[in-house]
1. When DSSP beta bridges are limited to those with both residues in the chain, what percentage is antiparallel, rounded to the nearest 5?
2. What helices in the chain pass both tests, a Cα length along the helix axis of 20 Å or more and a mean Kyte hydropathy of -1.0 or higher, using whole DSSP H runs?
3. Using Cα pairs under 8 angstrom and six or more residues apart, how large is the relative contact order of segment 26-84, in percent?
4. Test of understanding: ordering 244, 89 by Cβ neighbours within 10 Å, fewest first, what list do you get?
5. Place the peptides 31-39, 62-70, 255-263 in order of packing, highest mean first, counting for every residue the other Cβ atoms within 10 Å and averaging per peptide.
6. Need the full-extension length gain, residue 178 to residue 205, defined as separation in residues times 0.36 nm minus the C-alpha distance. One decimal, nm.
7. Could you name the aspartates and glutamates whose alpha carbon sits less than 14 Å from that of residue 140, not counting residues in the same chain fewer than 8 places away?
8. Given a Förster distance of 41 Å, report the FRET efficiency between residue 50 and residue 116 from their Cβ-Cβ distance, rounded to the nearest 0.05.
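Here, each number is a calculation from the coordinates, and none is a lab measurement. None of these values were measured; they are calculated from a predicted model. Note that each Cβ is placed from the backbone with ideal geometry, even for glycine, and that neighbours are counted across all protein chains shown.
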Amino acid sequence: MPEELLLFAGSASPKLGGAIAQYLDCPLGQSEMLKFSEGNLFVRVLENVRGRDVYVVQGTGFPANDNFMELLFWIDAFKRASAASVTAVMPYFSYAKGDKKDEPRVSIRARVCADAIEAAGVDRVITLDLHAPQVQGFFKVPVDDLYALPVLYDAIAAAGLEDIVVVAPDAGFAKKARQWSERLHAPLAIADKRRVDHSESAEIIDLIGSVEGRTALIVDDFTISAGTLVDAARVVTERGAASVYAVVSHGLLTESAMARLDASPIRRLFMTDSVETQPTTLSAKVEIVSVAGLFGEAIRRIAHRESISVLFT
């Protein structure tokens, strides 16, 4: 690796940061984060970064606000320590789902967060499966929105699932679900989901397409309560699916989500390690697929001034 590259990991992503460092065959930079009794955060870089290209791995999962503020402080610390550049590696960008003003008097939270990250001094952002691709346009600096599909596809292929029908949990995810459908050479079904409030629950009222006698693979970008996945599993089971599996890029799973998943017809939930600050023990039904190699290869190519387009094909 180029000598000017330094890789650090924040408190939200120490395992993923370590795995990326192992992929790159470079040490993980020394740093520390302290949290005081009233919730105040303090970060400190423990080695010289002057004139170096710094990559800091910090997701914004549980607790989202603390982890987001920590990311801002890391960016500021590296810039004030005279780093040549700072790239924020955000495996999960929690506020990306706040990408529009679709109700009166609400904030476009993703734009506010993008402005804050830029104000802190970031030079580039690398993330994974943004909830809405247009969030890239909220930044003035380059944003690489990597796809988890190739990595997750390998896990699905290794599981040996046969006669698959891909199921999108709502019409909004149909475009990305079609990418899964084309990759797996499988038909596509789309659930009609209705959400009436911000309670993290929704109701599936219809299913477009046939799943009878097939292995239903429900695909989504993230899940918190597992409610949509479980409801979709119920619907496809009622419509005659032989078995049900699910795959998501980002799993932010609570204790109630685990109970819901365990009681559901979903045999296995595949998800990446983009979020490692889960507040509960994961169900035996959950299989974690690492994206360390994906992020590591993106960092390697950027550091060597190579194209990363190959990672999107």
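1. 20 percent
2. 64-80
3. With pairs under 8 Å counted, the relative contact order is 35 percent.
4. Ascending Cβ contact count within 10 Å gives the list 244, 89.
5. The most tightly packed comes first, giving 62-70, 255-263, 31-39.
6. The residue 178-residue 205 span can extend by a further 7.6 nm.
7. Within reach: 115, 118, 123.
8. For residue 50 and residue 116, the calculated efficiency is 0.95.
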